[in-house]
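Working notes for the structure below.
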Amino acid sequence: MFDTVKKNLEARGFSVRTFATAAEAAAYLNETIDGRTVGFGGSVTLKDMGLYELLGSHNEVHWHWVNGQEERKAAMGTQVYLSSANGLAETGEIINIDGSGNRVASTLYGHEKVYLVIGRNKLAPTYDEALWRARNIASPKNAQRLGKKTPCAIKGDRCYDCKSPDRICRGLVVLWGPMMGMETEVILVDEDLGM
Ligand code: SF4
């Protein structure tokens, strides 16, 4: 199912690997990333794959979901950074929406290499549909997960473009390609992963 998006991502300069299962993708990352400093972005995908525990046995790992808010800064200075995405267009654009900014900032600058681990449920045919997915599916689910007082968290049905103090959607980043000087590898998994 990834033939077209893989071709389009590679044409934009991303490295791409595809895996049938999350377990196979986790095994690949565990074998590839060794003896490095590794930062984690907030991601249900990474959490469910157990990557912090796997990589932590032979890398120096930093994740604010495990060790508190100070880890955000430590994660920004690592050699390697891992995140997922909120939407991926079959045409190759990678979309992320963020509240604190650390996650999207790290997909733009500051690391030697970034891995983006993306399940099949994040894929949409076009850029507009991938953006719609990020705003109307991923963000409301994340607001619900975080217990935010936003209209989307109550119903979980769509984005209301709220002006709530609890709004988690503060910035939108679209990667048209890997940033200069920072290799970005997209790990596509043929399973539903994350929000
Ligand atoms: S902008 Fe507000 S309503 Fe829309 S998804 Fe984000 S938090 Fe929810």
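Distances between placed amide hydrogens fall under 5 Å for VAL16 paired with VAL186, all partners being 5 or more residues away or on another chain.
The phi-based Karplus calculation (6.51 cos²θ - 1.76 cosθ + 1.60; θ = phi - 60°) puts the 3J(HN,Hα) values of the stretch 46-51 at 4, 5, 5, 7, x, 6 Hz, whole numbers, x for Gly and Pro. Taken along the Cα-to-beta-carbon direction at a fixed 7 Å, the label points for ASN136 and THR18 span 2.7 nm. Once backbone amide H atoms are built at 1.01 Å from N, GLU183 has VAL114 as its partners under 5 Å, excluding neighbours fewer than 5 places away on the same chain.
In terms of accessible area, using a 1.4 Å probe and ignoring ligands and nucleic acids, ILE137, ILE187, ILE154 rank largest first as ILE154, ILE137, ILE187. The helix-based estimate of mean residue ellipticity at 222 nm for the chain, built from -39,500 (n - 2.57) per DSSP H run of four or more residues and divided by its residue count, is -8000 deg cm²/dmol to the nearest 500.
Considering only beta bridges that DSSP places wholly inside the chain, some 25 percent are antiparallel. Taking 28 Å as the limit for the C-alpha separation, the pairs LYS7/LYS163; LYS73/LYS141; LYS73/LYS148; LYS122/LYS149; LYS6/LYS155; LYS47/LYS149 exceed it in the case of LYS7/LYS163; LYS6/LYS155. Residue-wise HN-Hα couplings along the stretch 24-40, as the Karplus relation 6.51 cos²θ - 1.76 cosθ + 1.60 with θ = phi - 60° gives them from phi, are 5, 5, 5, 5, 4, 5, 5, 7, 7, 9, 9, x, 10, 8, 10, x, 10 Hz; Gly and Pro carry x. In plain terms, if you count all Cα to Cα distances in the chain and split them into 10 Å steps from zero, the share in each step is 9, 38, 38, 14, 1 percent. Close amide-amide hydrogen proximity is noted between GLU90 and ALA124, THR126, each under 5 Å apart and 5 or more residues distant or on a separate chain (H modeled in the peptide plane; Pro and chain starts excluded). Couplings for the stretch 151-159, taken from phi via the Karplus curve 6.51 cos²θ - 1.76 cosθ + 1.60 with θ = phi - 60°, read x, 5, 6, 6, 9, x, 9, 6, 7 Hz in order; Gly and Pro are left as x.
The values are calculated or read from the model by the stated rules, or taken from the named source; none is laboratory data. Values in this document were obtained by computation on a predicted structure and should not be read as measured data. Heads up, the Cβs are rebuilt from the backbone with ideal geometry, glycines too, and the neighbour counts pull from every protein chain shown. To get the accessible areas, we keep the full protein, side chains included, count just its heavy atoms, and leave off ligands, DNA and RNA. Shrake-Rupley method; radii C 1.70, N 1.55, O 1.52, S 1.80 Å.
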